[in-house]
Every structure is written in C-alpha cells, then in structure tokens.
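The values are calculated or read from the model by the stated rules, or taken from the named source; none is laboratory data. Nothing here was measured: the structure is a model prediction, and the numbers come from that model. Cβ: placed from backbone, ideal geometry, glycine included. Neighbour counts: every protein chain shown. Accessible surface areas use protein heavy atoms only, side chains included; no ligands, DNA or RNA. Shrake-Rupley method; radii C 1.70, N 1.55, O 1.52, S 1.80 Å.
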Amino acid sequence: MPDDTIRLSEMQIARFHEEGFLAIDRITTPDDVAALRVSYDRIFAERAGRDEGNQFDLAGTDEEGKEAKLPQILQPAKYAPEMLDSQLYRNASAIGKQLLGDGCTCGFAHAIFKPPHSDVPTPWHQDAAYWPPDKLYASISVWVPLQEATLENGCMHFVPGSHRMDVVAHRSINNDPRVHGLELHPEQMHHVTRAVACPLPPGGATFHGGYMLHYAPGNRSDIPRRALILNLAVPTTTRDQPRSYPWLDEKTTARAKRAQTAAKPAM
Ligand code: NI
C-alpha cells in the first residue's frame, strides 16, 4: 500500500500558518525521486514546451540560440505524464488538503533547472506578483529538490511572517521587461529581514503560500540543481479593491509571443 496519506503534525500545521512556510525532510521515497529525475532531465534535454511558450529562460531575454541562464518549464507533467502517477504528486495533494482544506487541488506546476556554476539567483519575490491582480489567493507551493538542496547550489530562503503582506512592488529582473522573471522592487528590499535558509535532502520539501517572500541563490556547485514545484490551491476570490500590476502590464517576453502564436489556429 503506497504511503499516500502522509500526515503533518499539529505543530507543523500551526507553524506553517504562523510563519508562512514549512520544511520537511521527506515528502517522497528515494525511488520516486530517481524516477522523477529521469523524466525531469528528459524534458529539459528536449526543451519540451518551447514552441508553446512553456519552456523559457526565467532570468534572461530568452533569444533563440542564446544559452539560458535559468531554464524553466511550466506544466512539466504535460510533457511527462508519468509524473502524475508519482508518490510525490499523491503526497503533495494529501498535504495540501491538510493545510488548506478538502477543496485544495493541484492545478499548476513548474520546474526550474539551475545549471552548475551558473550563480544566477532566483531573486526575492512573492509568487502572487506573477498572478492576475484582481484575485486573492489561498495557495501553497511545494518546492521539491531532486538532489540535495544546499546553500551552495540554491536552496530556498524565506522571510518568516511575510505571508501576511499583500503583494508589494515588483519589477522584471534587471528592470528588463523582456525577462519573464520578477524581482522585488529595490525600494521594497527592507522587507527582507531575518531570512531563513532551508537546506533539504533529496525528496524533502518546503511549503509556502502565494504571498511569502522567498529567494534561492545561484548554483555554485558542480551539478545541476533540479527543483520541481507543485502549486496547490483552493478557488480564488475576487478582490474588493481592484489592483493592477505595472510589472505585468509592461512585459514583452519572447515566451509570451510564442504562446500567442501557438494559440492561433493554423490558417
Ligand atoms: Ni516563487
């Protein structure tokens, strides 16, 4: 009987709600991690989803022929459906229900590949800064390294309690709207205090909500840093006071152009 009913303790659940994040040493088995790595490496080698705008450089301008600084694939299970049968997906769903309730489902996932010796960080940001600004989110990102995650290769960092903030000002990385990735606006960097690093063994996990400030340093190690991130959420609600995010309005990414072209019916 597979262990698909992994339980968090009352104390872990309370800590998640109080601090806004949680780290656990094991969300799945070593065999499952090994199988996920095979799928993960295959889709990155194939640059799966490139034409649809689902594979792109998170931290660079993403031109054809230019080496990506921080390759990302959205919805990896679309290109590796076997991932959906993994212990990881089952256990993450079980934990999502414990943290957010029975209506919690996994509708989105992504994979971020940090090449060795790349030293390109995932800058400080709130995930909700990427999402439509007219909604409020109750969500959890489950961040799972498929090898050890260390200070040297880019483990996650969080600011305890920052999940109580609304979305603060962001901008495109290096203030370049051609780059998909976001970073906290320099004027908002004072929010980054008391950051906590979360090194993990392979198949461990961190959990954080959509408003939590987080960051991962670059990869100074000799091997790739593979991270698989599942997003679990309950249905959104609409904001009473509408907002707009200029950092999304100004985006001109090559990825979005590919997605637009792919969505057009062939003439
Ligand atoms: Ni994030």
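General remarks:
- Elements of type strands (runs of 3 or more DSSP E) in the range 33-150, at least 3 residues being open to solvent by 40 Å² or more (accessible area, probe 1.4 Å): 105-114
- Per-region count, the range 139-173, residues of a type in the set (A, V, I, L, M, F, W, C) and away from the ligand (no atom under 16 Å from the Cβ): 3
- If you check ASP85, ASP119, ASP134 for being away from the ligand (no atom under 16 Å from the Cβ) and on the phi > 0 side of the Ramachandran plot, only one passes: ASP119.
- The sole residue among PRO217, PRO246 that is open to solvent by 10 Å² or more (accessible area, probe 1.4 Å) and more than 15 Å from the ligand (Cβ to nearest atom) is PRO246.
- Here PHE108 meets the list (1) within 13 Å of the ligand (Cβ to nearest atom); (2) modelled with pLDDT of 95 or more; (3) not aliphatic (A, V, I, L, M) almost entirely, failing just condition (2).
- Within the range 96-128, the set of residues being touching a Leu at 6+ places or on another chain (Cβ under 6 Å) and among the β-branched types (Val, Ile, Thr) comprises just one member, VAL120.
- Residues satisfying the stated conditions in the range 116-138, i.e. under 18 Å from SER162 (Cβ atoms) and among the small types (Gly, Ala, Ser): ALA128, ALA129, ALA138
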